[in-house]
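Student: The structure that follows is given in the form of structure tokens.
The values are calculated or read from the model by the stated rules, or taken from the named source; none is laboratory data. Note that this is a predicted model, so its numbers are computed, not measured. Here the Cβ positions follow ideal geometry from the backbone for every residue, glycine too, while neighbour counts run over all protein chains shown.
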């Protein structure tokens, strides 16, 4: 899935990507952007959303692993 994310987005932290995504959504919602620019914004927004989702999925997996380790160590 990372192959679809441009390098400049892949380097962003979750917070940076989320903030930029909010800006993109705001620009699209307020309108006044030419069709071609709107399409570029949409594509960037999709990549930012995917990047944020990947971050959250990674955090979720880390939490599950930590919980599993804690359960294992408590059962010993």
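Student: Working only within the stretch 43-76, note down all residues that are under 15 Å from residue 22 (Cα atoms) and surrounded by 14 or more Cβ atoms within 10 Å (Cβ to Cβ). Outline the logic, then answer.
Tutor: Step one: filter the stretch 43-76 for residues under 15 Å from residue 22 (Cα atoms), giving 43-53.
Within the stretch 43-76, 44, 45, 46, 47, 48, 49, 50, 51, 52 qualify.
Student: Looking at residue 23 and the list (1) assigned to a loop (DSSP other than H, G, I, E, B); (2) at pLDDT 95 or above, which single condition is not satisfied?
Tutor: (1) is the only condition that residue 23 fails.
Student: Please determine, by comparing only the residues of the stretch 1-20 that are modelled with pLDDT under 95 and not in a loop (DSSP other than H, G, I, E, B), which one is surrounded by the most Cβ atoms within 10 Å (Cβ to Cβ).
Tutor: Applying the filter and picking the extreme gives 4.
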